[in-house]
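First the structure, in the form of structure tokens, and then the observations on it.
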Amino acid sequence: MWPFLAVLAVGIVLVAILVRVAEPGLAFFPVAGETVTPRHFDTEYETVSIETRDGEHLHAWALPRHAPRALVVYFHGNGGNLSVWAPILVGIARHGYSVLAVDYRGYGLSTGRPTERGLYRDVDAVVERAWSASERRGPVIYWGRSLGATMAAYAATVRPPEAVILESGFPDARALVRTLPPLALLAPFSTYRFATAAFLEEVAVPVLVMHGDEDRVIPFAMGRALFERIGGSKQFVTIRGGDHNDVAPPDANAYWSALDRFVDQSLAARVASASSH
């Protein structure tokens, strides 16, 4: 029995080590460089360099608008780089929002290598930059997609915005991994948490959760589970026919109407709350 237990213990330790070595490659799919910019879509933008407290240099885009409805700080997903997400960022800008979007460390033209803790440091730096540049521009909204939903939720704990938009997200990494049978057995050994729902327990801001009902990467049920775990003011919108990597919603009118309605309600509620005090 003792030799068996010793072998089992050694095996568990080796699996834990292997999982922790491999997990960055399972969580992040960065693409280096930059191929497409907002200018390819006839939209002006500025390049921004943001330095993190641990010395990385993040490459970001700012898409300013005249008299914007709000500044959207956008956190993209775990794949590609800003070039992949350019159509989405341009779409947000064309609907009257200024946009600040960043490539995490190791993505695009940003330095470093991605880790969960490293991405939180990136968010710290982006939030600091957004608020220092936006105090004269009005409301701030954090918008995250996929893994970026976790980053947007974390950002709200750093400095609460007027509203948070979570698109194609999940409650936490373990809940997501349980939907992937080959990886579910390795979940107990992972150090990554990406605790989207838990972050939002620390703040009280309006939250919009959006999820495509044809999402083949993060199941629709994960979006619902995230929504159920959020307290306070919240709304859920189903993106009919929406898949995970859509760069444009299947029904643009329904999509933008839901977003604009949520933003209008959130900003009106903040104004009413401020005036009552």
Have a look at 150, 157 and point out the one that is over 11 Å from residue 75 (Cβ atoms), at pLDDT 95 or above and not in a loop (DSSP other than H, G, I, E, B). 157
With the first residue restricted to region 210-235 and required to be without any contact (Cβ under 8 Å) to a residue 60 or more places away in the chain, and the second required to be of a type in the set (Gly, Ala, Ser) and in a helix (DSSP H, G or I), Cβ contacts under 6 Å at 6 or more apart or on different chains are 211/223; 229/197
Among the numbered criteria (1) at pLDDT 95 or above; (2) within 16 Å of residue 223 (Cβ to Cβ); (3) among the aliphatic types (A, V, I, L, M); (4) over 14 Å from the mean Cα position of the chain (by Cα), which single criterion is violated by residue 140? (2)
With respect to the numbered conditions (1) of a type outside the set (D, E, K, R); (2) buried (at least 21 other Cβ atoms within 10 Å of the Cβ); (3) under 30 Å from residue 250 (Cα atoms), which one is the sole condition not fulfilled by residue 80? (2)
Restricting attention to region 162-194, and to residues there that are over 24 Å from residue 239 (Cα atoms), in a loop (DSSP other than H, G, I, E, B) and among the aliphatic types (A, V, I, L, M), which single residue is modelled with the highest pLDDT? 186
The conditions are (1) at pLDDT 95 or above; (2) touching a helix residue (DSSP H, G or I) at 6+ places or on another chain (Cβ under 7 Å); (3) surrounded by fewer than 21 Cβ atoms within 10 Å (Cβ to Cβ), and residue 86 fails exactly one of them. Which is it? (3)
In region 31-58, which residues are among the hydrophobic types (A, V, I, L, M, F, W, C) and either within 13 Å of residue 82 (Cα to Cα) or in contact (Cβ under 8 Å) with a residue 60 or more places away in the chain (or both)? 31, 32, 36, 48, 50, 58
Matching option when the condition is part of a helix (DSSP H, G or I), modelled with pLDDT of 95 or more, closer than 25 Å to residue 92 by Cβ and of a type in the set (A, V, I, L, M), among 197, 221, 133, 225: 197
Does residue 112 count as surrounded by fewer than 24 Cβ atoms within 10 Å (Cβ to Cβ), more than 16 Å from the chain's Cα centre (by Cα) and closer than 18 Å to residue 34 by Cβ? yes
Could you grab me the full set of residues in region 199-222 that are surrounded by fewer than 16 Cβ atoms within 10 Å (Cβ to Cβ) and under 13 Å from residue 156 (Cβ atoms)? 201, 202, 204
Per the filter on region 39-91, residues in contact with a strand residue (DSSP E or B) (Cβ under 6 Å, 6 or more places away or on another chain) and among the aromatic types (Phe, Trp, Tyr) are 45, 61, 74, 75
Enumeration of residues in region 235-261 that are touching a Pro at 6+ places or on another chain (Cβ under 7 Å) and at pLDDT 95 or above: 239, 240, 241, 242, 255
Looking at region 239-253, is at least one residue surrounded by 16 or more Cβ atoms within 10 Å (Cβ to Cβ) and either in a helix (DSSP H, G or I) or over 18 Å from the mean Cα position of the chain (by Cα) (or both)? no
Scan of region 72-107 for residues that are in a strand (DSSP E or B) and of a type in the set (Gly, Ala, Ser), ordered by number: 79, 80, 98, 101
Quick one: is residue 94 modelled with pLDDT of 95 or more, more than 20 Å from residue 249 (Cβ to Cβ) and over 17 Å from the mean Cα position of the chain (by Cα)? no
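The values are calculated or read from the model by the stated rules, or taken from the named source; none is laboratory data. Everything numeric here is computed off the predicted structure, so don't read it as measured data. Don't worry about glycine lacking a Cβ; one is built from the backbone with ideal geometry, like all the others, and counts go over all protein chains shown.
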